[in-house]
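Let me begin by presenting the structure, written as structure tokens, before commenting on it.
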Amino acid sequence: MAEISSTGDQMLTVLETVAKHGPITVAEVVRLCEMNRTVVHRLLTTLETRAYVRRAPAGFVLGSAVIELARQLETDISSIAKSHMDRMAERTGETVVLHCVDKDDAMVVEQSLGGQHLVRVQHTPGSRHPLYQGASGWALLAFQDEKTIARLLRRVTGAAAARDRLQEIRNLKYAISHDELQMGVHGVAAPLFDRAGNCIASVAILVPAARMDKLNVLLPELIAGAVAINTDLQREA
């Protein structure tokens, strides 16, 4: 195994702790990270100087540098995926949506609207929902790390059934949902991966209830589109 920087590892641990628990005090970071208080204070000061965290009245929260990095990631994914999504929407006549992981949520970062139907599904970019809801969320959650999955499944009724669902999604490489996020909306979604194998986004085709019987017909289009986007993502990474 390649040698890692212990200081860099500690700094990332502190940053992740602020991201998950902020606003958070120095004492709380010390407790959660099990680090020396002086070390934590020094790391937070460095992160604050570089705008990765900032002091809020109730404690430390993420700073503008992290937000800008996230914005760049979303922009890169959107620019790579958009042309494929447009073609998927044109061929299927349905709405195609791109979600990215944002902490414990799936966030809409792009969509392409099909033009063949008067009634169609439409999302608002920037809107979000928990990873354990909807096809897009489940397609993302199935490929997150075990710690994230365990934490989120504590919020779900029927965790055993949820784990079975996640395993099925891993086997199939896609997720299906019916009336989960919005009544009358049905979807199929596939995960998207970077070159390192991290699941960073999902692409979904969404239909209203009147056309829910089309989902199986739409699966080949979804899978082909996801393969094309994944190929470009890994080429550009």
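Taking every DSSP helix (H) stretch of at least 4 residues in the chain, weighting each as -39,500 (n - 2.57) and dividing the sum by the residue count yields a mean residue ellipticity at 222 nm of -16000 deg cm²/dmol.
Output the pairs from Lys20/Lys82; Lys20/Lys173; Lys103/Lys147 with a Cα-Cα distance over 22 Å in this structure; if there are none, say none.
On the way: Lys20/Lys82 30 Å; Lys20/Lys173 28 Å; Lys103/Lys147 13 Å.
Checking Cα-Cα distances, Lys20/Lys82; Lys20/Lys173 exceed 22 Å.
Look at the dipole of the stretch 71-236 built from charges on Cβ: of Ala189, Asn216, Asn171, the Cα furthest out on the positive end belongs to Asn171.
Rounded to the nearest 20, the size of the Cβ-charge dipole of the stretch 6-62 about its Cα centre is 180 debye, with Lys and Arg at +1 and Asp and Glu at -1.
In terms of other Cβ atoms within 10 Å, Ser136, Ser78 run from fewest to most in the order Ser78, Ser136. Dipole magnitude for the stretch 145-234: computed about the Cα centre from +1 point charges on Lys and Arg Cβ and -1 point charges on Asp and Glu Cβ, it is near 280 debye. In terms of its C-alpha gyration tensor, the stretch 46-161 comes out oblate, because a/c is 1.5 or above while a/b does not outweigh b/c. Largest GNM mean-square fluctuation among Phe143, Phe60, Phe193, using the chain with Cα springs under 10 Å: Phe60.
This model, with +1 at the C-beta of Lys and Arg and -1 at the C-beta of Asp and Glu, gives the stretch 71-236 a dipole about its Cα centre of some 240 debye.
The Arg195 and Val26 beta-carbon pair, evaluated with R₀ = 25 Å, returns a calculated FRET efficiency of approximately 0.10. Selection among Pro130, Cys199, Leu98 by position relative to the dipole of the chain gives Pro130 as farthest towards the positive end (Cβ unit charges, Cα centre).
Within the chain, helices built from complete DSSP H runs that reach 24 Å or longer along their own axis (Cα positions) and carry a mean Kyte-Doolittle hydropathy of 0.0 or higher are 215-236.
Every read-out reported here was derived from the displayed coordinates using simple, explicitly stated rules and does not represent laboratory data. Since the model is a prediction, treat every value here as computed from it, not as a measurement. Note that each Cβ is placed from the backbone with ideal geometry, even for glycine, and that neighbours are counted across all protein chains shown.
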